[in-house]
Each structure stands twice: as structure tokens, then as C-alpha cells.
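The values are calculated or read from the model by the stated rules, or taken from the named source; none is laboratory data. These numbers were taken from a predicted model, which means no experiment stands behind them. No Cβ is skipped: glycine too gets one built from the backbone with ideal geometry, and neighbour counts run over all protein chains shown. Ligands, DNA and RNA are stripped out before the accessible areas are found, and what is left, the full protein with its side chains, is counted by its heavy atoms. Shrake-Rupley method; radii C 1.70, N 1.55, O 1.52, S 1.80 Å.
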Amino acid sequence: MDITTWKKRLSDLPLGDIYLYQQVGSTNQEAEFLIEKDAPAFSLVAANEQTAGRGRHGRTWETRAGKALAFSWILYPEPGWIRPESLGKLSGLGALAVAEVLTDKYQLEAEIKWPNDVLVGGKKVSGILVDVHWTGTQIKDAVLGIGINVHQGSVPDEQDLHFPAISLQELAGRKIDRLDLLVQILESLLKWYPKLTSESFTAIWREKLAYKNQAVILTAGEEIIDQGTLLGISEEGSLILLSDDGSERLFMTGEIQLRLVDRS
Ligand code: BT5
């Protein structure tokens, strides 16, 4: 990562401050430190390598040097798009921006595996991690972290994965420029963020939802929470499941993991 070139190009976008690192523990963690030092809204934190990249619920996310994109976007409640009831949509925002770019710019059929993964051909190419910080019952800030496997060699060894993964380069069959990809995704984030509470946002998110009308299992850790047919996403971003007992249920992001039922 040539920090000078990256900074110059990224400065054309309406972001806050731009923080670029050759190596950090986690860009989401770094964003938290920068928020404490009053980093402005829409600041970007990106790294060439993460040594302690974070997934959800204490899991890890691998970002090998020079192979992937790992970045975090700093958001504050003003000017009013993030509210407690729209927080469930922030993972969707990240996933939607990545999926939209993969489809529009790289001609790939990208799908969103609720709540936070982007899949192509059933394999994970990107993961999203949203960290929200509160002051009492008020949202103080939110950090939207996005990791994307870009080049060959970015995908962790199979034994370290719970779910099959792939790189964008393997999918696209051509060389990918990480800076172009980052700019494209930021443009999509900037476009969709003001529409977070609009119906058009939910509509396109639903359109890109993986496993629609398929049999799925919802788990939390080792525990099966529910099983049924995935119907869609509610206006607030909850998953709608037609449970096998016939009732329709809503699930908020929380600890929940989703997988297809293997009918083979
Ligand atoms: C995620 O968690 O998918 C969220 C990943 C978010 C990463 C970004 S990078 C920038 C920002 N800074 C951070 O520190 N994090 C964010 P989850 O659904 O919990 O998936 C984690 C699981 O994915 C792990 O337990 C591994 O099995 C697998 N995994 C780890 N690294 C991977 C990779 N590079 N590609 C695909 N799967 C991976």
C-alpha cells in the first residue's frame, strides 16, 4: 500500500480524516482510539495488514499483508440516520455496498448472507463487523468495519474457516486494484448511508438476500435457535423466518448465525 497515492485519491471523496496504516491490530479497534481523540464523522481507517482483525462475538478475521482490504468507517448519530431502531441495518449497509460493487463493477452475482456476509457462488468473499458504542441509552458512535479477500492468498487456510471462503481475484479471473475497489465501495456507502431508513434501501437489501425461500437453521454458538424457511428482512433489518412450527418470527442480529439446511 503506497500511503501517499492512496491518501491523495481518497481525499477526493467526502470523508472525514483519512488514517492509513501498513499494519494495525484491528481497524475497528484503531477507529475506537481515534474516536476518543475526536476523529470527525465519516473518517476512514484502513490497513494493509491486520494482526488482530476481529470478527463477530470474539471470532477472528484474517487480513494478510497486501492481499486484502480491511477498513473501518466512523459514524456518529448526527445527522440522524443512525438511531437505535436502524442499527440492525448498518451491517446491511456494509454488505449492500460490497455486493453492489461486486455486481456492478465486477459482474459477479453477489448475495448477502444475513446479517453480515457477502457471498459469491456460496462462498464468503467479505465480512462486516459493526461496533456500536453507547453513552447510557444514547448512541455515541458506530464503527462499520469491512474486510474483503481481494488477491489470491488472502483466504485463510481451510482448517481455520467455519464457512467456505474465496477471493475476489479468483472470482473475477483478473487482477484487482485494491484502491479502485476501496473507492468504489466508499462511493456506494456514501450513496446508501443517507437512505438507510428509506424503503429503497430495504428493497435492494432484500433483493440481494441469500437463501430466500430456502430451509435454514439459526444457531447461537452450538445451540439451535430455530429452523424454517427464510422469508426476508423486515423494515428494521430483522430476519423473517417461517418457523417449521408454522409461526412467523423475527430475529435481530444479536449472536445469531445462519446456515442452509443440508437436504442431501
Ligand atoms: C465477520 O465475522 O465476517 C466480520 C469480519 C469483519 C472484518 C473487518 S476487517 C476491518 C474491520 N476491522 C476488524 O478488526 N474487523 C473488521 P464473522 O461472521 O464472525 O466471521 C468470522 C469467521 O470468518 C472466523 O471465525 C473464520 O472462520 C472466518 N474468517 C476469518 N478470516 C477470514 C477471511 N479473511 N475470509 C473468510 N473467512 C474468514
If you check Asp160 against the conditions, is it more than 28 Å from Gln107 (Cβ to Cβ) and near the ligand (Cβ under 9 Å from one of its atoms)?
yes
Only listed residue being open to solvent by less than 70 Å² (accessible area, probe 1.4 Å) and either within 9 Å of the ligand (Cβ to nearest atom) or of a type in the set (S, T, N, Q) (or both), chosen from Gly92, Gly127:
Gly127
Return yes or no: is Asp177 more than 25 Å from Ile233 (Cα to Cα), free of Cβ contacts under 8 Å to residues at least 24 places away in the same chain and away from the ligand (no atom under 13 Å from the Cβ)?
yes
Starting from residues that are in a loop (DSSP other than H, G, I, E, B) and open to solvent by 70 Å² or more (accessible area, probe 1.4 Å), keep the ones in the range 50-61 and report whichever is nearest to the ligand (Cβ to nearest atom).
Arg59
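Quick grid of which residues meet (1) within 17 Å of the chain's Cα centre (by Cα); (2) at pLDDT 95 or above; (3) not β-branched (Val, Ile, Thr):
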position	(1), (2), (3)
Gly16	no, yes, yes
Tyr19	no, yes, yes
Val24	no, yes, no
Lys37	no, yes, yes
Pro40	no, yes, yes
Leu44	yes, yes, yes
Ala47	yes, yes, yes
Glu62	yes, yes, yes
Options Val118, Val143: the member that is surrounded by 15 or more Cβ atoms within 10 Å (Cβ to Cβ), within 13 Å of the ligand (Cβ to nearest atom) and within 17 Å of Leu190 (Cβ to Cβ):
Val143
Name the pairs whose Cβ atoms lie under 9 Å apart, with the first residue in the range 24-37 and closer than 21 Å to Gly66 by Cβ, the second open to solvent by 60 Å² or more (accessible area, probe 1.4 Å) and at pLDDT 95 or above, and 6 or more positions between them or separate chains?
Val24/Thr51; Gly25/Thr51; Gly25/Arg54; Ser26/Thr51; Ser26/Arg54; Asn28/Arg54; Gln29/Arg54
Any hit, the range 68-83, residues being in a helix (DSSP H, G or I) and either in contact (Cβ under 8 Å) with a residue 12 or more places away in the chain or not assigned by TED's automatic domain parsing to the domain that holds Ile176 (or both):
no
Any idea which of Ile217, Ile224, Ile256, Ile233 is in contact with a Pro (Cβ under 8 Å, 6 or more places away or on another chain) and among the hydrophobic types (A, V, I, L, M, F, W, C)?
Ile256
Pick out, from the range 195-261, the strands (runs of 3 or more DSSP E) lying fully within it that include 1 or more residues that are at pLDDT 90 or above and under 21 Å from the mean Cα position of the chain (by Cα).
215-220, 223-233, 239-243, 248-251
